[in-house]
1. Looking at segment 54-67, which of its residues are surrounded by 16 or more Cβ atoms within 10 Å (Cβ to Cβ) and either aromatic (Phe, Trp, Tyr) or within 24 Å of GLN91 (Cβ to Cβ) (or both)?
2. Out of (1) surrounded by 13 or more Cβ atoms within 10 Å (Cβ to Cβ); (2) in a helix (DSSP H, G or I); (3) at pLDDT below 95; (4) not small (Gly, Ala, Ser), the odd one out for GLU46 is which?
3. Can you find even one residue in segment 97-110 that is loosely packed, with under 11 Cβ neighbours inside 10 Å, assigned to a helix (DSSP H, G or I) and of a type in the set (Ser, Thr, Tyr)?
4. Scan segment 49-75 for residues that are in contact with a strand residue (DSSP E or B) (Cβ under 8 Å, 6 or more places away or on another chain) and among the hydroxyl-bearing types (Ser, Thr, Tyr) and report the count.
Amino acid sequence: MPTDTNLTNIANVGTHSNTPPAQTPALKANGRAGVNTEKAMAQYLEVYQSLYRRAPSELRDLGSDWVLVNGARMSLAELQQLTEQLQRELQQEQARKRNVVKRLLTWFGG
């Protein structure tokens, strides 16, 4: 799980800004960053990286419970649904890999 310092950088994923993190508009929306938004973005980032082995091209807090994910503007609720969907895909991928390993062990062992 990212630390508070790393959460500052989540908003800059895929951007090419020289703006210092403390002045990043995405985190200063409405005068403060939403804790729930930061947590949801961190969870999405973690699952996305686990599944695709790379960071998303864009992940920014737009304020008022809106985020920008890979060019798509979505509500915080939609981001949470997307994260849940990616989590299910990750679990399916891990189960598929375990199954392949089990079949290979059975084949080589028997």
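The values are calculated or read from the model by the stated rules, or taken from the named source; none is laboratory data. Quick caveat: nothing in here was measured; it's all calculated off a predicted structure. So basically every Cβ, Gly included, is an ideal-geometry build from the backbone, and we count neighbours across all protein chains shown.
1. PRO56, LEU59, TRP66, VAL67 - these are the residues of segment 54-67 that are surrounded by 16 or more Cβ atoms within 10 Å (Cβ to Cβ) and either aromatic (Phe, Trp, Tyr) or within 24 Å of GLN91 (Cβ to Cβ) (or both).
2. Result: GLU46 passes all but (3).
3. Filtering segment 97-110 for residues loosely packed, with under 11 Cβ neighbours inside 10 Å gives 97-110.
Checking the rest, the ones that are also assigned to a helix (DSSP H, G or I) come to 97-109.
With the extra rule that they be of a type in the set (Ser, Thr, Tyr), the set shrinks to 106.
Taking every residue of segment 97-110 in turn, at least one turns out to be loosely packed, with under 11 Cβ neighbours inside 10 Å, assigned to a helix (DSSP H, G or I) and of a type in the set (Ser, Thr, Tyr).
4. Qualifying residue count, segment 49-75: 2.
Every residue, every condition in (1) at pLDDT 95 or above; (2) crowded, with 16+ Cβ neighbours inside 10 Å, yes or no:
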| site | (1), (2) |
| --- | --- |
| ILE10 | no, yes |
| ASN18 | no, no |
| MET41 | yes, yes |
| TYR52 | yes, no |
| VAL69 | yes, yes |
| ALA72 | yes, no |
| GLN81 | yes, no |
| ARG88 | yes, no |
| GLN91 | yes, no |
